[in-house]
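Peer 1: Got a structure for you, written out below as structure tokens; questions coming shortly.
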Amino acid sequence: MKILVTIKQVPDTATQVKVAADGKTIDTTGITWIVSPYDEFAVEEALRIKEKRGQGEVVAVSLGPDRVKEALRSCLAMGCDRAIHLNDPAWAAADTLATARALAAVIKQESAQLVLCGRQAIDDDMGAVTAQLAELLGWPCAYWIMEETIDADAKSVRAARQVEGGLEVFDLPLPAVLAAQKGLNEPRYPTLKGIMGAKKKEIKDLKASDLGGAVEPSQLSVVGLQALPPRPPGRIIQGDVPTAVKELVRSLREDAKAI
Amino acid sequence: MKLELNAEQQMIQTMAREFADSAIKPIAAEIDRDARFPHETVKRMGELGLMGIAVREQWGGSGADAVSYVVALEEIARACASHAVVMSVNNSLYGDPLLRYGTDAQRERFLKPVASGHALACFALSEPQAGSDATNQATLAVRDGADYIVNGRKRFITTGRESTFALVFCQTDRSLGYRGISAFLVEKGTPGFTVGKIEDKLGIRASDTAELIFEGCRVPAANRVGEEGQGFTIAMTAIDGGRIGIAAQAVGIATGAYERSVAYARERRAFGVPIGQHQMVQWMLADMATAIDGARLLTLRAATLKDSGRPYRTAAAMAKLFASETAMKVATDAIQVHGGYGFIKEYEVERAFRDAKITQLYEGTSQIQKLVIARDLLGDHDGRA
Ligand SMILES: Cc1cc2nc3c(=O)[nH]c(=O)nc-3n(C[C@H](O)[C@H](O)[C@H](O)COP(=O)(O)OP(=O)(O)OC[C@H]3O[C@@H](n4cnc5c(N)ncnc54)[C@H](O)[C@@H]3O)c2cc1C
Ligand SMILES: Cc1cc2nc3c(=O)[nH]c(=O)nc-3n(C[C@H](O)[C@H](O)[C@H](O)COP(=O)(O)OP(=O)(O)OC[C@H]3O[C@@H](n4cnc5c(N)ncnc54)[C@H](O)[C@@H]3O)c2cc1C
């Protein structure tokens, strides 16, 4: 079974994001880049499926500039068999739909039977690519997956997704697209052997022309980015307990309108 | 000159840091308090390939380089110095000499399980009367047909209780002095080989420090590493590499204490401002950061020399000397920055302070490092340390 995992390289979760001088992008100087954490769940799940079935291939795919190679290499170090890098200036301004189009074209080329994604990338939190991808492919799709089991003859997958107070269980015919939620698994650390072996694995570069067709202009354009206003400082209510509690309740009701 | 880790070294560093933060840091205080050997996490370190980093894959290791070893060890030590010393001994004092001086048969049986993390190993050189003066060996190995009969006691052996294999140094010809020392591999369970006293220590309390007792212990001659009389050279070569590991351990201990200090200096307020606004606190933090960087660079230089096959004895001694003195100073100042809270176990810099001390003592005290460095400066190369 061939499994394709789409991954996105994003700024480390600890990054203090700053708006760049153009007012439309973020300032990337000094940023540490990582594989988006939800995508790591997807990679881990793909590796587990392969290990459980005792055969198959796991291919990591990402769209982005040169630095994205690093993210792909860490997927190879975790155990992916090979990687594909969609790297072309034509995609520099790609929105989610343009990204989904490119990924869908690769998935077709590779004739994968299962696509695993993260439920959203933690940079802009759009969470749209997976659904767009499934739509373009005409494949069923399940989001926020907490569990999955593929039947023995790889014809369908049973997936359970998180809903309030429980799990919603679906049977999807394969091929299908699944988006991983936190809790699906605990991603492994790459072993030293995996890291040392990663450089021997293939990362194939693809340009827009390799996917047959021009890149359609983005439907979405960023008008501007604004930093969040600084959070107002907390307030400590002085006085003895009965008075302070009264003041707290009043303030929550009248100032904060929280109760 | 390029001062940048390559892609693999960076990935190894990230992996070690994330593993140390999530699996080791949470148990570090508890295993220190109880002097408990952390079997579970050490086993996971083996699975990750951290217990035989520089050993070739053929012999169960990871086939990485000394720089990778240093960056990984620093990350482990930043979370817990006890884990770091277990890793250091396994890699430097046991894996390295076996890789270098062992026969293929010895590597198959004694190195593979250790480098792949399935068994632990120790390095037994020190004796009650042979510490700094490691030439003064009293443990005897007397040839008897196809075997040697070993009698004697080894003191202060790291992982001595937990190890499956020991690399033991013995006098095979007393008349030759240190040129009569030979190295042997002895497996736990060999009749006549027992573990004696386990020391109750100031620091690195989760790592066991044991006495090894040999009473008429029969060791096959096939377990001798190298030639008769080559033992001291093997020991000193191992320790040269080991000192790079201890330097990395010291850098890690210092870094952990320093990071806690910076965080504390931002949070703690005195006289109406965060204490980091007081120039005297800034002074301490600036000195810490500068010394740590210096120690790290010396350590990476020694590792780089080792990787490129150039002489590194003096560079390793300098790294170990400077890094261990830095660790002690940084840990002391880290307590100072924390004020009275630094003296309390809950704040963890107290543990760094106790752990830092050992780095100035084992694998050659700071005085012995100076001796090694000075000997090199003055051109006295008789191979002794
Ligand atoms: C926790 C721990 C773990 C250890 N692990 C191991 C291990 O795994 N394997 C192993 O073989 N050993 C191990 N050791 C032993 C360690 O290497 C020795 O303790 C160390 O070499 C110092 O020897 P010593 O304790 O006998 O001190 P001594 O040699 O008695 O030194 C006492 C003092 O005299 C100074 N001194 C001695 N000679 C000179 C000189 N020529 N010039 C100037 N000053 C001098 C020393 O610097 C020191 O300050 C360990 C020790 C400890 C405490
Ligand atoms: C074991 C122990 C016993 C104690 N016993 C007693 C007792 O019996 N009675 C009692 O009342 N107290 C006692 N104390 C409290 C002790 O006196 C305080 O811990 C000490 O005064 C330091 O205060 P702090 O811990 O709040 O550190 P902080 O005041 O928070 O200091 C933190 C750091 O900031 C530095 N700093 C703070 N202000 C400045 C400045 N203006 N300029 C430059 N540097 C600055 C400090 O030097 C220190 O390095 C005890 C503490 C301990 C640990």
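Peer 1: Based on a Kirkwood Rh over C-alpha pairs, give the Stokes-Einstein translational diffusion coefficient of segment B:164-266 at 4 °C and viscosity 1.567 mPa s in µm²/s. Don't jump to the answer; show the numbers that get you there.
Peer 2: Numbers: Rh = 16.7 Å.
Translational D for this selection: 78 µm²/s.
Peer 1: Give me the percent of Cα-Cα pairs in segment A:35-90 that sit more than 18 Å apart, rounded to a whole number. Provide the component values of the computation, followed by the final result.
Peer 2: Working: 486 of 1540 pairs.
Counting every Cα pair in segment A:35-90, those more than 18 Å apart make up 32 percent.
Peer 1: Quick one: work out Rg over Rh on the C-alpha atoms of chain A, Rh as Kirkwood radius.
Peer 2: Numbers: Rg = 21.9 Å, Rh = 20.4 Å.
Result: Rg/Rh = 1.08.
Peer 1: Can you compute the FRET efficiency between B:Arg153 and B:Leu202 using 1/(1 + (r/R0)^6), with r the Cβ-Cβ distance and R0 = 25 Å? Round to the nearest 0.05. Please list the in-between numbers first.
Peer 2: Details: r = 22 Å, r/R0 = 0.89.
The calculated FRET efficiency here is 0.65.
Peer 1: Per 10 Å bin from zero, what fraction in whole % of the C-alpha pairs of segment A:131-245 is there, up to the bin with the longest pair?
Peer 2: 9, 18, 21, 28, 12, 7, 4, 0
Peer 1: How long is the gain from B:Phe343 to B:Ala263 if the chain were fully straight, where each residue apart is worth 0.36 nm and the alpha carbon distance is subtracted?
Peer 2: Going from the current span to full extension adds 27.1 nm.
Peer 1: Express the accessible area of segment A:69-219 per residue in Å², computed with a 1.4 Å probe while the remaining protein chains stay in the model.
Peer 2: About 47 Å² of surface per residue is accessible.
Peer 1: Further question on the same structure: Have a look at the DSSP beta bridges in the protein assembly as shown and tell me what percent are antiparallel, nearest 5.
Peer 2: DSSP beta bridges in the protein assembly as shown are roughly 60 percent antiparallel.
Peer 1: Ignoring ligands, DNA and RNA, how much accessible area is buried between chains A and B, both sides summed, with a 1.4 Å probe, to the nearest 100 Å²?
Peer 2: 1300
Peer 1: By accessible area of protein heavy atoms, probe 1.4 Å, what ranking do A:Val169, A:Val5 get, highest first?
Peer 2: Of A:Val169, A:Val5, the descending order of accessible area is A:Val169, A:Val5.
Peer 1: While we're looking at this one, here's another question. Counting only C-alpha contacts under 8 Å and six or more residues apart, can you give the relative contact order of segment B:232-378 as a whole percent?
Peer 2: Values: 189 pairs, mean separation 47.9, N = 147.
Reported relative contact order: 33 percent.
Peer 1: Over segment B:141-199, with every protein chain in place, what whole percent of the accessible area is carbon and sulfur at 1.4 Å, could you tell me?
Peer 2: 52
Peer 1: Tell me, what ³J(HN,Hα) does each residue in segment B:235-247 have, in order and in whole Hz, if you take phi through Karplus 6.51 cos²θ - 1.76 cosθ + 1.60 with θ = phi - 60° and put x for Gly and Pro?
Peer 2: 4, 5, 5, 4, 5, 4, x, x, 5, 5, x, 5, 4
Peer 1: Other chains' Cβ within 10 Å of B:46-54 residues: what's the mean?
Peer 2: The per-residue average across the peptide is 3.
Peer 1: At 1.4 Å probe size, with every protein chain present, just tell me what the per residue accessible area of chain B comes to in Å².
Peer 2: For chain B, the per-residue accessible area is 42 Å².
Peer 1: In addition: Run the numbers on segment B:12-30: which residues show a drop of 30 Å² or more in accessible area, chain on its own versus all protein chains together, using a 1.4 Å probe over heavy atoms?
Peer 2: Buried by 30 Å² or more upon assembly, which counts only protein chains, are B:Ile12, B:Met15.
Peer 1: Spelling out what I want: for every residue of segment A:62-67, take phi, set θ = phi - 60°, compute 6.51 cos²θ - 1.76 cosθ + 1.60 (Karplus), and round to whole Hz; glycine and proline get x.
Peer 2: These are the phi-based 3J(HN,Hα) values: 9, 10, x, x, 3, 4 Hz.
Peer 1: Shielding of B:4-11 by partners, i.e. mean partner chain Cβ atoms within 10 Å per residue?
Peer 2: Other-chain Cβ atoms within 10 Å of each residue's Cβ, averaged: 4.
Peer 1: Please work out the ratio of the alpha-carbon Rg of segment B:294-338 to 2.2 N^0.38 Å and round it to two decimals.
Peer 2: My calculation over the Cα atoms of segment B:294-338 gives 1.39.
Peer 1: OK, next. Indicate, rounded to the nearest 5 percent, the antiparallel portion of the DSSP beta bridges found entirely in chain A.
Peer 2: Antiparallel bridges make up about 40 percent of those DSSP assigns within chain A.
Peer 1: Residue-wise, which Karplus ³J(HN,Hα) couplings in Hz belong to segment A:95-109, taking 6.51 cos²θ - 1.76 cosθ + 1.60, θ = phi - 60°, and x for glycine or proline?
Peer 2: Calculated HN-Hα couplings, in order: 8, 4, 5, 4, 5, 4, 4, 5, 5, 4, 5, 5, 4, 5, 4 Hz.
Peer 1: Then there's this: Where the Cα atoms of the protein assembly as shown are projected onto their three principal axes, how long is each span, largest first, in whole Å?
Peer 2: 87, 70, 49
Peer 1: Now a separate question. For segment B:7-119, what D do you get in µm² per second when you plug the Kirkwood radius from alpha-carbon pairs into Stokes-Einstein at 10 °C and 1.306 mPa s?
Peer 2: Roughly 114 µm²/s, to the nearest whole number.
Peer 1: When you look at the Cβ of every residue in B:303-314, what mean number of other chain Cβ atoms sits within 10 Å?
Peer 2: 0
Peer 1: Now for a separate question. So, R0 is 45 Å and r is the distance between the beta-carbons of A:Asp27 and A:Ala258; what FRET efficiency does that work out to, to 0.05?
Peer 2: For R0 = 45 Å, the calculated efficiency reads 0.80.
Peer 1: Where the accessible area of segment B:270-373 is counted over protein heavy atoms with a 1.4 Å probe, how much of it, in %, is carbon and sulfur?
Peer 2: Carbon with sulfur: 65 percent of the solvent-accessible area.
Peer 1: So, R0 is 22 Å and r is the distance between the beta-carbons of B:Met280 and B:Thr332; what FRET efficiency does that work out to, to 0.05?
Peer 2: 0.90
Peer 1: Using only alpha carbon positions, build the gyration tensor of segment B:218-367, then give the equivalent ellipsoid semi-axes as the square roots of 5 times its eigenvalues, largest first, whole angstrom.
Peer 2: Over the Cα atoms of segment B:218-367, the semi-axes work out to 39, 16, 10 Å.
Peer 1: Another question about this same structure. Anything losing 10 Å² or more of accessible area from the isolated chain to the full protein assembly: pick those residues out of segment A:166-196, probe 1.4 Å, ligands and DNA/RNA ignored.
Peer 2: SASA drop of 10 Å² or more in segment A:166-196: A:Tyr189, A:Pro190, A:Thr191, A:Leu192, A:Lys193, A:Ile195, A:Met196.
Peer 1: When the dipole is taken about the Cα centre of segment B:1-152, and only Lys, Arg (+1) and Asp, Glu (-1) are charged at their Cβ, what size is it in debye, to the nearest 20?
Peer 2: Dipole of segment B:1-152, to the nearest 20 debye: 100 debye.
Peer 1: Then there's this: May I ask which of B:Lys2/B:Lys370; B:Lys2/B:Lys306; A:Lys193/B:Lys320; B:Lys197/B:Lys345; A:Lys8/A:Lys182 have a Cα-Cα span longer than 21 Å here?
Peer 2: The pairs that break the limit, which is 21 Å between Cα atoms, are B:Lys2/B:Lys370; A:Lys193/B:Lys320; B:Lys197/B:Lys345.
Peer 1: Something else about it: Restricting to DSSP loop positions (anything but H, G, I, E, B) with no more than 13 other Cβ atoms inside 10 Å of their own Cβ, which GluC sites (Glu not before Pro) remain in segment A:140-241?
Peer 2: A:Glu164, A:Glu202
The values are calculated or read from the model by the stated rules, or taken from the named source; none is laboratory data. Computed from a predicted model, the values in this text were never measured in an experiment. Don't worry about glycine lacking a Cβ; one is built from the backbone with ideal geometry, like all the others, and counts go over all protein chains shown. For accessibility, only protein heavy atoms count, side chains too; no ligands or nucleic acids. Shrake-Rupley method; radii C 1.70, N 1.55, O 1.52, S 1.80 Å.
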